[in-house]
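Only one structure is covered here, and it is reproduced in the block below.
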Amino acid sequence: MASLSMAPVNIFKHGADEEKAETARLSSFVGAIAIGDLVKSTLGPKGMDKILLSGAKGTSVTVTNDGATILKAIGVDNPAAKVLVDMSKVQDDEVGDGTTSVTVLAAELLREAELLIARKIHPQTIVSGWRKATQAAREALKEAAVDHSNDPARFQEDLLNISRTTLSSKLLTHHKDHFARLAVNAVMRLKGSGNLEAIHIIKKLGGSLTDSYLDEGFLLDKKIGVNQPKRLENVKILIANTGMDTDKIKIFGSRVRVDSTAKVAEIELAEKEKMKEKVDRILKHGINCFINRQLIYNYPEQLFAQAGVMAIEHADFAGVERLALVTGGEITSTFDHPELVKLGHCKLIEEVMIGEDMLIHFSGVAMGEACTIVLRGATQQILDEAERSLHDALCVLAQTVKEPRTVYGGGCSEMLMAKVVSDLANRTPGKEAVAMESFAKALRMLPTIIADNAGYDSADLVAQLRAAHQENKSTFGLNMSEGVVGNMVELGITESFQVKCQMLLSASEAAEMILRVDNIIKAAPRKRVPDHHPC
């Protein structure tokens, strides 16, 4: 009986797979560390770019150094790697920047954990030490944070510095002053609402990046109908999502038997009458501009032209949603009760030319904070990366307007937190102290990687920076333009407190979650059954 109980029992379905204890842990560590190593070279102002090729037909090329974009594009099979990919997406959605930092920090924590487990320290002991270290690091970050929200001039300067720092690790680094002003002006127009929907970004090929500008109004990349007014003042706008394409016969899936072509003409006439009634119902709203998400065929377009109404067709969904937001109107589908419809208003609609394209410009819109950033550039890849970079800067600035505290960048905050955690480790008895020291070491890896990516001697620079922080020079960080240790206050290298705090918490939580794993169970793959009933 005893020999029977010793036999291994397989409780899983045939084809299911299980990894236990050390094997499972090692598999998790390897996957997560590989993801960290993948994006590590893009970190910092001198980080390198990656080219991403889509495997689909008509291969699209993306050139980027944005951690979230890279991780979204790669398909990963390792469960721990997927956790890090999801974490970088959350960081991107939550605060807009720090996606590479958060992935690299989590990977470095797991690299340290691997060494500790090899020394027979239990994962729960490591987790307990890390939790205390995270708390101490967060408190240190809070104490180091500076708030200038009561002084508008200094706060404006803070925003510009944050914008420059965010853009310095992106494609726009050579024009960061120009784009930092663009981003700050756009966010300041929001008057603290933080609603980035009101900022529209349009990409137009041609010119150079420095030709990009901020337009105080709303631009729609569409055409005005034939023979309709090209300029309107004091406009009442009806924004609709309705079919305006039934002036021709479109009968699908049914047969209509007629005994002469005259009958076909009658059906067509009935369709036209129906459309004319619809246009009349729309005109009863007392509008002089009609914007539709769907197509407007020739006949209704002609009717609108006769009534002196500007009709704009096929404004894409995002365009219609944003137009409704900025003009103060609502999207309508039925037109029987004009008194219930909320119209949009703006002072002037006119056509403007950007590059070789005509766009429709709405100025004096009801939502005064609405604006459009027009990006110019030589290739589509440059424009796409410029848009991603600018989006990151806008997200960080919107967060900073809500949470005005700032901290210093250039590896300064990481060294500050590492020093506090090391001090705590020195005062803590027991094995938890070793885990805390490993946490401090992982934090110190971020400035090391930033220096390595710039081609400087990271060991020397980080040793100098550590010595400076030991002498309580807590605003010192890495000056990557000259490859020396410098004062971040003088250099104006500032980052958002919210971004740094989110990075610290997300990375430690994700690393802790992966560290707790001691079993990976993969479900049996679904068997392919031949399809006997093809459609």
Treating the angle as unsigned and between 0 and 90°, give the value, to the nearest 10°, between the Cα long axis of helix 176-189 and the longest Cα principal axis of the chain.
60 degrees
Between Ala118 and Glu403, Cβ-based FRET efficiency (R0 41 Å, step 0.05) works out to 0.55
What is the set of long-range amide H partners of Gly377 at a cut-off below 5 Å, with H atoms built 1.01 Å from backbone N?
Lys204, Gly206
Using +1 on the beta carbon of Lys and Arg, -1 on that of Asp and Glu, and nothing else charged, what's the dipole of the chain about the Cα centre, debye to 20?
1040 debye
To the nearest 500 deg cm²/dmol, what mean residue ellipticity at 222 nm is calculated for the chain from DSSP H runs of n ≥ 4 alone, each contributing -39,500 (n - 2.57), summed and divided by the residues?
-16000 deg cm²/dmol
Length added when fully stretched, Gln306-His175, from 0.36 nm per residue minus Cα-Cα:
42.3 nm
Send over the semi-axes of the stretch 28-133's equivalent ellipsoid, whole angstrom and largest first, taken as the square roots of 5 times the C-alpha gyration tensor eigenvalues.
29, 15, 12
In degrees, nearest 10, range 0 to 90: what is the angle between the Cα axis of helix 380-402 and the longest Cα principal axis of the chain?
70 degrees
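How large is the accessible surface per residue of the chain, computed with a 1.4 Å probe and reported in Å² as a whole number?
Here the residues of the chain average 50 Å² of exposed surface.
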State the percentage of accessible surface on the chain attributable to carbon and sulfur atoms; use a 1.4 Å probe and exclude ligands, DNA and RNA.
52 percent
Output ordering of 48-55, 173-180 (per-residue mean of other Cβ within 10 Å, highest first) is 173-180, 48-55
Tell me the accessible surface of Asp93 in square angstrom (1.4 angstrom probe, heavy atoms of protein chains only), to the nearest ten.
120 Å²
In angstroms, what radius of gyration and Dmax does the chain have, counting Cα atoms only?
29.9, 100
Could you grab the relative contact order for the stretch 218-367? Cα pairs under 8 Å, six or more apart, rounded to a whole percent.
39 percent
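Counting only C-alpha contacts under 8 Å and six or more residues apart, can you give the relative contact order of the chain as a whole percent?
26 percent
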Put +1 on the Cβ of every Lys and Arg and -1 on every Asp and Glu Cβ in the stretch 218-367; which of Cys346, Ala270, Val235 then has its Cα farthest towards the positive end of the dipole?
Ala270
I need the peptides 394-400, 100-106, 508-514 ranked by packing, meaning the mean over residues of other C-beta atoms within 10 angstrom, with the highest value on top.
100-106, 394-400, 508-514
On each of the three principal axes the extent of the alpha-carbon atoms of the stretch 218-367, given in whole Å and largest first, is 57, 40, 28
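The values are calculated or read from the model by the stated rules, or taken from the named source; none is laboratory data. Please read all numbers here as calculations on a predicted model, not as lab measurements. All Cβ positions, even for glycine, are placed from backbone atoms using ideal geometry, and neighbour counts span all protein chains on display. What goes into the accessible areas is simple: the full protein's heavy atoms, side chains included, and nothing from ligands, DNA or RNA. Shrake-Rupley method; radii C 1.70, N 1.55, O 1.52, S 1.80 Å.
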